Each structure stands twice: as C-alpha cells, then as structure tokens.
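Take a look at the structure set out below.
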Amino acid sequence: MPWLDVPMIRRPMRLRSCYSKLRFHAILISSAQCCSMGNDLIQIANVRPQGGAVLDVLPESAMDFALAPSLAGEGKTFYIETFGCQMNVHDSEKVAGVLMGRGYRPVDCYEDADIVLYNTCSIRERAAQKVFSRLGAFRKAGTAGRKIIGVLGCVAQQEGERFFERAPQVSLVCGSASYPKLPDLLAQIESGRRRVRGLALDTEDCFETEFTRRDNRFRAYLTIIEGCDQRCAFCVVPMTRGPERSRAGAKIVAESRRLAEAGYTEIQILGQIVNAWRDPSPARWSFAELLGRVAEVPGVRRVRFTTSHPRYFTPDIVQAMDSHPALCDQIHLPVQAGSSEVLARMRRGYSREEYLEKIDCIRKARRAISLSTDIIVGFCGESEKDFERTVSLLEEVEYDQVFSFKFSPRPNTSALEFADTVEEEVKGNRLSVLQEAQRRIQLRRNQALVGQKVEVLVEGYQARLRQAVGRTTSNRVLNFPGDPADVGCYRMVTVTSAGPNSLVGERIGDW
Ligand code: 5AD
C-alpha cells in the first residue's frame, strides 16, 4: 500500500493510503471529483521510506511521563484512521501523542486496538459519508462491542449528539476545537463512562501537546493557526473547526528549533487560512516575519506554508521569499472560480482582477514560484460563461497544480440560500473539461523543465523499480534511479523527461 503523502491541505487524493509501518493510519478520500498531482511513473502518491526508526519529537519530560508505570492506558492499544486534509493528519499525530503520553500503544490495524478513533472530514458530502461506512462495517464484523470507538474532527462536530443515535457503538464524539480537553475526555472514558462528548466551539485555546507522534521522518507539520473566521458561502469549516486561534510566534519558532534538532529538515506550516495568522504575543510579528524566522532556524532547509487566502496575501510574503532561500518556491492560492460574479456569491472577498494582481506580485519575485490552486465547479448559479472564465483563468495564470471539485452543498453554509442549480452531469462535464485543460498546462510547464538541474528531497524508494522518489522545492514529484540510502537526503538531479504530474531525472555525480 502506498505511503501517505498529502501534497496540500485538505486535498483529497485518489488513493487509499496507510501508514501501517508507521503505525497510524490515514485514509484519504478516494474521489473522482478531485484532480491532484500524483506520480506519472509510479502510480502511487508516494512510497514508504525503507528502514530506520521513526523519529519522534519527544521532549524528555514527555518521555518520562510515557515511561511512568501507573498510566491509565498502559497495556491498551489504539488505532487512528484519518480522513481529509493535512490539518487532520497533523491533528491525528497530536492525538496519537496524547494517547501515547497516557501509556497507550499504537497498532497497525483496528482489529488489534482497544480504542479505535476516526478523524473525519466533512468538506464534501462524500468525505462525510466515509465514517458512516466504516462504522457500518464494524457493526457487521461484530467487533464493535469489545472496543471503544471515538469519532473526532469535522463530522463529529457537525453531527454532535446525533452521532450517538446514528451510531450507538460510538463512545466519544469530539470536534477539533475540543482537542485541548482530550486528556479529560479520555479520563472519563477510562473511568467507564459510556458517552463522552467534546463539542464546544467557543474556545480560545490551540491544541498544544507535550508529545506529537509525527509520522514523516523528514517533513514535519506545524500548525500555527486553528479554526477559520471566513464565511465562504460553500464552506463548512468555520462551523466545524471554530473561530481562528493563533499560536504565539515565539512558541512556533521554539517548536521549529526542536524539530530541526530532531532531524527534520522540512517544515510545513499549516493553517486553514495560514496567512490570517496574527501573533497574539506582544511581539506582534507579521506572518511574513514569522516565515522568515522559521526559515532562519539552523537545520531547516525547506519551509512550506498552506493554505493562503488571497484576501490576506500581501507583498511582504513575497519579499520574505525573496530574502529567505529556505522558503520553498511554491504558493498554494485557492481562487475557487474565475468569474467575479461567482466569487461574490461565494463571499470570497476578491474579484478576478484583484486575484490576478496578487498573482502578478508573485510572478515578480526574484525566483520562479510555482503556483497551485483550488477550484470549485458548478457552484450555485454558475453559467457556462462563468465556467469559461474559470478555464480562461487557468490559462492565464498557468498553475503548476490544480485541485478541482464539484460543488457539494454543505449543512449550515450560506450557499444553501441559493438553489444548487447546476445539474450533476453538467458539474461532471465541467470538471472533466477543466482537468483536461490543466493537464495540458502542467505537461507543457513540466516539459519546459527538461534539462534543468533541481534539488530533490528524497522521500521514498521503490525497490521494484529501483527508483528514488522525491520532491523539488516547487513541490513537483521527481523519480530518478537511486538507492535506498538516498531517502531523507537532498540530491541534485537533472530533469530528463516530464509527464503532467511528475518529472523523471538522473542524479548528478555524488551530490
Ligand atoms: N463543495 C466542493 N468543494 C468544496 N471545497 C470546500 N467546500 C466545498 C464544497 N462545499 C473545496 C475548496 C477548498 C477545498 C479544500 O475544498 O476548493 O479550497
């Protein structure tokens, strides 16, 4: 099975993935509605790194705690399955850390687990349905009664109390805004309570953990802002993740230092709207300043950040990229639609022209910056002309990657005020047209790289094909004949050929 690697926040992928070796599982949403960058050579999103111990960032205090003999969960096991975005993946890493801090041990499959947790996504209807099909399968297998089953994340928040009626085998329902209370909720479960809930949304706290059980050995996720205060008409996130809460700048830099000391060379800064981050400490750093400070941490070679909202995308972010080579040549800037009328109905807070001004600013950076975006087709009232504006925007911007989705009406969103007028079939056709247009753009842009020398962080090795697989700073997947020892190293590679989704290369000397 492929090793999970989510290229972008909240990006569903076509493949079921699992971290089985790394002991906690993440299933990404299989969806024909989505197009994302994969790998043309190896038909999996990524491959699992070979050998070596999984690196954890475990401060000594947490280590002592983890080894203490009288822990509530000692001898018990857990399994987490994660659906959806990188924020969810990272939340699960933190939840795993909390459980391990209480003495629980992660296991590879739900059959072996005393506690089974589903960290859910409700961004689109199909994503939300996943957890119910998992719970149904459980009931059929007749194993539910012997385990504690918990549902975390966005579907938990959205369904709330109703979950207990819909799925009586569930004992814990907890939205992400209540994760800081997770130790208390676990203590209630340990004391035998049958139904435990964490559903409050009005929190000011971020989910801080003493120990985070990270599952990628080279790239560490680091959340800087939780929740979302935007009210995009289509989006359920403000209702499922609660209000925006930013972590203090100094805390983020300190965590980056610890990550670098633990051997991570790439940091991926996360937030639903990452550039809405505001330093709550008296230092009052700007987001651009924070990026610069993380990029300056000794040992950190690459910093990515996602997802940026065009409304908060300011020129100082590009200036920070100009000044700090460790900030990767990549920006994900979801546009959602190319027609200003549709953007207004979506309540995005910018017009097509204003968005293009931001792109212009990025194009003026000292180095070429790779651009990616999210698109929704078939939003309420989208006409054929509106849709053509979206396709023309793709041609104008020439993105390197596009994640595209059919509009899916969500509960408690203001889009419900409009009729979902575009027929499913029309949505499907528009999606195909858009994805084909983008495929051609990507192929053209990738082929223009043939002959160039690029640096790759090798993330995996496919023994069968003797191929190392890595990523360029622009987040392109690159395969080259390599060696298992390349994994985790930076290699210089000449690009020799290109497909729409990935590059192929030859390693240069002993770099
Ligand atoms: N329907 C379809 N796509 C959606 N997205 C968010 N909400 C919806 C919805 N209701 C997409 C947006 C967002 C990405 C993470 O998911 O493009 O940027």
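The table for this structure:
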read-out: Criterion (at pLDDT 95 or above and more than 14 Å from I148 (Cα to Cα)) met by exactly one of C85, C121; value: C121
read-out: The listed residue being within 14 Å of the ligand (Cβ to nearest atom) and of a type in the set (V, I, T), out of V456, V422, V495, V487; value: V422
read-out: Hits in region 486-497 - residues which are within 16 Å of T473 (Cα to Cα) and outside any loop (DSSP other than H, G, I, E, B); value: Y490, R491, M492, V493, T494, V495
read-out: Enumeration of residues in region 434-459 that are more than 24 Å from the chain's Cα centre (by Cα) and either exposed (fewer than 15 other Cβ atoms within 10 Å of the Cβ) or within 26 Å of V487 (Cα to Cα) (or both); value: E436, R440, R444, Q447, A448, L449, V450, G451, Q452, K453, V454
read-out: Selection status of L270, away from the ligand (no atom under 16 Å from the Cβ) and among the aliphatic types (A, V, I, L, M); value: no
read-out: Subset tally (residues that are part of a helix (DSSP H, G or I) and more than 21 Å from the chain's Cα centre (by Cα)) for region 252-287; value: 4
read-out: Region 116-133 - residue that is part of a strand (DSSP E or B) and under 18 Å from the mean Cα position of the chain (by Cα) and, of those, surrounded by the fewest Cβ atoms within 10 Å (Cβ to Cβ); value: Y118
read-out: Tally of residues being of a type in the set (S, T, Y) and without any contact (Cβ under 8 Å) to a residue 60 or more places away in the chain across region 360-410; value: 5
read-out: Every residue from region 357-374 that is of a type outside the set (A, V, I, L, M, F, W, C) and either crowded, with 18+ Cβ neighbours inside 10 Å or touching a Pro at 6+ places or on another chain (Cβ under 6 Å) (or both); value: K358, S370, S372, T373, D374
read-out: Sole residue being over 30 Å from R301 (Cβ atoms) and modelled with pLDDT of 95 or more, chosen from E455, E436; value: E436
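Residues checked against (1) crowded, with 21+ Cβ neighbours inside 10 Å; (2) of a type outside the set (S, T, N, Q); (3) farther than 19 Å from F407 by Cα:
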{"site": "E296", "(1), (2), (3)": "no, yes, yes"}
{"site": "R301", "(1), (2), (3)": "no, yes, yes"}
{"site": "T306", "(1), (2), (3)": "yes, no, yes"}
{"site": "C328", "(1), (2), (3)": "yes, yes, yes"}
{"site": "L333", "(1), (2), (3)": "yes, yes, no"}
{"site": "V342", "(1), (2), (3)": "yes, yes, no"}
{"site": "Y350", "(1), (2), (3)": "no, yes, yes"}
{"site": "Y355", "(1), (2), (3)": "yes, yes, yes"}
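The values are calculated or read from the model by the stated rules, or taken from the named source; none is laboratory data. Being a predicted model, the structure only gives us computed values, none of them experimental. All Cβ positions, glycine included, derive from the backbone under ideal geometry; neighbour counts span all protein chains shown.
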